[in-house]
1. Which one of VAL182, VAL108, VAL125 has the biggest mean-square fluctuation once the chain is modelled by GNM with Cα springs under 10 Å?
2. Evaluate the distance, in nm, between pseudo-label points positioned 7 Å from the Cα of SER176 and of ILE61 along their respective Cα→Cβ axes.
3. Can you pull the percent of Cα pairs in segment 43-130 with separation above 23 Å?
4. The list (i) 66, 35, 34; (ii) 50, 37, 34; (iii) 96, 32, 26 gives values of Cα extents along the principal axes in Å, and only one came from this structure; which label was calculated from it?
5. Tally Lys and Arg at +1 and Asp and Glu at -1 over the other residues with C-beta under 11 Å from the C-beta of THR166: what net charge comes out?
6. Want the number for TRP184 to GLN152: 0.36 nm per residue separation, take away the alpha-carbon distance, what's left?
7. Quick one: net charge of ASP98's neighbours, Cβ under 11 Å, K/R +1, D/E -1?
8. Ranked by Cβ crowding within 10 angstrom, fewest neighbours first, how are VAL157, VAL193 ordered?
Amino acid sequence: MSEWLVLAIAMAAACAVVLTITVLRERRLGEHDDPSQTPDVIEYMTMMVGVVYAIVLGLAIAGVWEGRNAAQDTVRAEAQALHEVSERVQVYAPETRDRVRADIDAYVKHVVKKEWPVMLKQGDVTDQGARLLDKVRTDVTAYEPRDDHESQSYQPVLDQVGAADTARNTRAANASDTMPGVVWFGLIVGALVAVGLIFTLQIRRSPRELMLAGLYSALIAFLLFLIWDFNSPFGHEVADTTGPFTALFTV
């Protein structure tokens, strides 16, 4: 199911629930209920809960946004390091150069096609990916430079392999969801409280009040969806964050 469709359904459902409760509540109270009798303390509490919940939502959005950006930077660093290795081994002997490039291509294909789905589902990388990267490192470290030009290229190539390994370890450490379960519990309960408190103000069935109630609930549904969408640092689909690999290598 498309994420946009999920968003539309969530916002529509939130509006429908709030408006339905409002209409049913109005019918139950009848025409003799006076909304002007709402105590001032309830209005103050409603305002304070809304402000506090808005701050919590802002912090949550900032946290998941930062996590997604950091994940994308990690993927770019890993892909770029492997690309540098593939390009810099040009000066090596043809046999070693072709072997290193073939092993890099095998690693990239494994990461994009097999490791990424596992990482998105289980929040961890595969042992096979680690073995393939170790093979690339072995290819580079086992090579003996034949002249000064190759000797000057040897250490930079080895440094790039180390950078790719570091980026991979960072990717593995950040593969799980950004928000823990207890935070989600607080966000959902806070949303229910924030929306529920608008009924304490005794809103009526006037078009203006119904529109504001619907927009308020839809806004909260949208913000919660935004947090859910960015809660997975590497996205929900393989194509969400594998762009640096597919741009630099043929997968």
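Here, each number is a calculation from the coordinates, and none is a lab measurement. Everything quoted here is computed from the prediction, not taken from an experiment. For neighbour counting, all protein chains shown are included, and Cβ atoms are generated from backbone atoms with ideal geometry for every residue, glycine included.
1. Highest fluctuation of the listed residues: VAL182.
2. Going from the SER176 label point to the ILE61 one covers 2.7 nm.
3. The calculated P(r) of segment 43-130 puts 50 percent of pairs beyond 23 Å.
4. (iii)
5. Residues near THR166 contribute -1 overall.
6. Additional length available on full extension: 6.3 nm.
7. -1
8. With the sparsest Cβ surroundings first, the list reads VAL193, VAL157.
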